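Right, one structure below, let's go through it.
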Amino acid sequence: MLDHVFTDAIGALRDAFESALLERQAFEERFQVDVLLGDMTWETSYGLPGEGSPPRVQADITLDWPTWAQTAYRTWYIGEAMDEPPRIEIEIVLRVQRLATPPDPRALLDALPDQSPLIGTERLERSAPTIETVYHGDDLEEVEHAIEVSYEGSYELDEATLADGSILDDHFGAMGGWISSTLVRVGDLTFDFLPPLDDAYDGDGQ
């Protein structure tokens, strides 16, 4: 990894998830740079251990480092005064999938708080749910459903945090436990789940 405050934040969040014993969905992780605009984005997914593939419940996490934040960070790095501290944009999507029947959105919302725990001095705000229906095959008889709720907000990097990356560990540390306990709570809801895809066929491929 590069020696950069954005990659420090990624490392702090990874450590928080691993300490909470969450299981990373390795093929879902991406680090992207917009070569025209300069924005950087990191995306990853975590689920509970032993959930199968894909997991019934998972958290999709996105961190965005916009160009203006890089400009502010460079200004601080070379010792000049910043007009505005840089921010990392955060989105956490809690997804329930492989559902056999359309879910009740109220049941999910009742299990979720309106806001995340504090991340530094700020909290992520919960959005309204989105329900997805997926059809498989030309006959459209194989159907599965999913429901998502996202938490969105930003994390401000003040001068103390820019100077001491260990503060990121403290601020992001609570997120691992919060996401882990939330996934457990959501997984305990009485939704009608389909079997994981890796259990859908027997050893003979039937």
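The slack in the chain from Arg24 to Glu159, taken as 0.36 nm per residue of separation less the alpha-carbon distance, amounts to 45.5 nm. Counting beta carbons within 10 Å around each of His136, His171, His4 and listing the fewest first gives the order His136, His4, His171.
Computed FRET efficiency, Cβ-Cβ of His4 and Thr121, R0 22 Å: what is it to the nearest 0.05? Calculated value: 0.50. Amide H contacts for Gln25 (H built 1.01 Å from N in the peptide plane; partners 5 or more residues away or on another chain; cut-off under 5 Å): Ser45, Tyr46, Gly47. Here region 169-183 and region 117-141 have alpha carbon centers that stand 19 Å from each other. Once the Cα atoms are used to define both axes, helix 166-187 deviates from the longest principal axis of the chain by about 10 degrees.
Mean sequence separation of contacting Cα pairs (under 8 Å, at least six apart), scaled by the length of region 5-199, corresponds to a relative contact order of 27 percent.
When each of the peptides 65-74, 125-134 is scored by how many other beta carbons lie within 10 Å of its residues on average, the order from highest to lowest is 65-74, 125-134.
Here Val143, Val5 are placed in order of increasing Cβ neighbour count within 10 Å, fewest first, which gives Val143, Val5. Given +1 at the Cβ of Lys and Arg, -1 at the Cβ of Asp and Glu and no other charges, the dipole of region 5-199 around its Cα centre is 320 debye to the nearest 20. Helix 67-77 and the long axis of the chain differ in direction by around 40°, with both axes built from C-alpha atoms.
None of the figures in this text is laboratory data; all of them are computed from the coordinates on show. The structure presented is a predicted model; accordingly, all values stated were derived computationally and were not measured. In this analysis, Cβ positions are derived from the backbone assuming ideal geometry, glycine residues included, and neighbour counts consider all displayed protein chains.
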